[in-house]
Amino acid sequence: MNIYKFRHPLLGMRKILVILDGLGDISSDKFHGKTALEAANMPNLNMISKKSKLGFMYPISEDYAPESDTAIVSILGNNFDISERAEFEALGLGLKLRRGDLVLRTNFGTVENMNSKKMIDRRAGRTLTTEEAKQLAKAINEKVKIPVKFEFFPTVQHRGILVFYGGFSDNITNTDTYVHEKGKIWMKANFDWSQTLDDDENTEFAANLVNAFVDQSYKVLNEHPINKNRVKKGLLPANIILTRDAGVEMPKLNPFRSALAIANMPLEKGIALASGMQIASFEYPKMKNYDVYSNLHQGLEMMSAFALKTLKKRKDDFNFCYIHFKETDVPGHDNKPLEKKAFLELIDKIFFKELKEYIEKNKIKLIVTGDHSTPCKFKTHTSDDVPVLFYNPEETGDSLTFGETNCRRGSLGKIYGINLLKKTDFV
């Protein structure tokens, strides 16, 4: 039976949570001391902001720089330390795993060679096309020989998922040069082989499998015609698979009833699915011409239009909607404040232009915030606060435009991620 044939009286869109990934930033000389958000021309979001209450949020705590998974898990009302990012990404990719299957997040990266282990770029220059990634993954799955069944899945741009099927331990270290320990994030110059974090034989076996996979995949990738061709074009070869965030069991998250998530990245889709939400997504445009920002711009336009269309189409089917824009995070990692500003302006021009009328007409509550700060200057996530906007059609706003400085002056005050939805009566 179609559960929407007879609409429950409590259904109907009432609350929308919009997360602009990596939104928070610090002042920049490019903008005469303003942040990208403060410098951006966003008349539509600022019109909403002036009718809203503002605040500032620490997704975890004042001294903890979160990854996207821990931040989103916290914002949705869970303890951040239960997160298993690789498990969420596998779920968001549609993989059917059993408890004990070892799943790892991966990057196509560029290493000088396996003797020096010196990393040139852990994202292969962000220039790996969809077709290149697909062909490289095919070669890995065909030519790497290890004593267990495995599959490697390319996902978006340089990213991927690696699964070893069976019963394994996930108590192993990363090979990726990205390090996140005790709320601090930094990069190592060289990649490391995976190590065990306990004395269990199964853990040693898991680490050895990962290392064998990385070693063999380097040999496959380094000699692959695609990488030879990339070098001739002056591009970085995608010659190593870097692994991180091993997981063997899906964590249990607080359930959301009558909730829809509009997202495209495997992580956000996976977290939403683990929270009991339904997913609305579209096929992201393939990266074809080595220009990641052209690809992101096209994807952001499509996402903005798709989110609006979906909200209108499904407004009677759900009472809560979580919308995630991933593209705003990338310029922060690449120290491109002008691009971050441009992406924010694009969202305002397409998405917030119509959303402001939609929420007023239908008396919908709205939260706009970020999952974490990615200041362009530092090129990584930091523990800095992120701005929060809360629109309630029944309440008077702070009459302030949306930005880091104003949000620290707003009437909502300081918020921790785990309390955001409760404080704004979203749950």
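The values are calculated or read from the model by the stated rules, or taken from the named source; none is laboratory data. Nothing here was measured: the structure is a model prediction, and the numbers come from that model. A quick note on method: Cβ atoms are made from the backbone with ideal geometry, for glycine too, and the neighbour counts reach across all protein chains shown. For accessibility, only protein heavy atoms count, side chains too; no ligands or nucleic acids. Shrake-Rupley method; radii C 1.70, N 1.55, O 1.52, S 1.80 Å.
Overview of results
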| item | result |
| --- | --- |
| Karplus 3J(HN,Hα) series, Hz, for segment 312-328 with 6.51 cos²θ - 1.76 cosθ + 1.60 (x for Gly, Pro) | 5, 6, 10, 4, 9, 9, 9, 10, 9, 9, 10, 10, 10, 9, 7, 4, 5 |
| Distant-in-sequence amide H partners of C321 (H built 1.01 Å from N, under 5 Å) | K15, I16, L17, L260 |
| Degrees, to the nearest 10: 353-362 long Cα axis against longest axis of the chain | 60 |
| Helix 201-222 axis, angle to the chain major axis (alpha carbon atoms, nearest 10°) | 80 |
| Chain lengthening between K379 and M187 when straightened (0.36 nm per residue, less Cα-Cα) | 68.1 nm |
| Over the chain, equivalent-ellipsoid semi-axes from the Cα gyration tensor in Å | 37, 24, 20 |
| ³J(HN,Hα) computed for each position of segment 169-176 - Karplus, 6.51 cos²θ - 1.76 cosθ + 1.60, integer Hz, glycine/proline x | 9, 10, 8, 10, 8, 7, 9, 5 |
| Square roots of 5 times each gyration tensor eigenvalue, C-alpha, segment 46-133, largest first, Å | 33, 21, 16 |
| Projected area averaged over orientations for segment 251-295, convex hull of C-alpha atoms, nm² | 3.9 |
| Linear extension gain, N289 paired with N419, 0.36 nm per residue minus alpha-carbon span | 42.5 nm |
| Where GluC sites (Glu not before Pro) fall in DSSP loop in segment 69-121, at most 16 other Cβ within 10 Å | E112 |
| Accessible heavy-atom area order of K53, K379, K96, K309, highest first, probe of 1.4 Å | K96, K309, K379, K53 |
| W186 - accessible surface, heavy atoms, 1.4 Å probe, Å² rounded to 10 | 110 |
| Calculated from backbone phi, Karplus (6.51, -1.76, 1.60) coupling profile of segment 30-45 in Hz, x at Gly/Pro | 4, 10, 6, x, 9, 8, 4, 5, 5, 7, 5, 7, 10, x, 6, 5 |
| Area of E142 that stays accessible when all protein chains are in place (1.4 Å probe, Å², to 10) | 100 |
| Inter-site label distance for K312 and D200 at 7 Å from Cα along Cβ, in nm | 5.2 |
| Cα centroid of segment 203-239 to Cα centroid of segment 147-184, whole Å | 15 |
| Mean projected area in nm² (Cα convex hull; one quarter of hull surface) for segment 203-322 | 10.2 |
| Restricting segment 320-405 to GluC sites (Glu not before Pro) in coil, as DSSP defines it, with at most 14 other Cβ within 10 Å | E394, E395 |
| Heavy atoms of T380: accessible area, 1.4 Å probe, square angstrom to 10 | 20 |
| Enclosed volume per residue, in Å³, of the convex hull spanned by Cα atoms of segment 27-181 | 211 |
| Segment 138-297 - convex hull of the alpha-carbon atoms, volume per residue in Å³ | 164 |
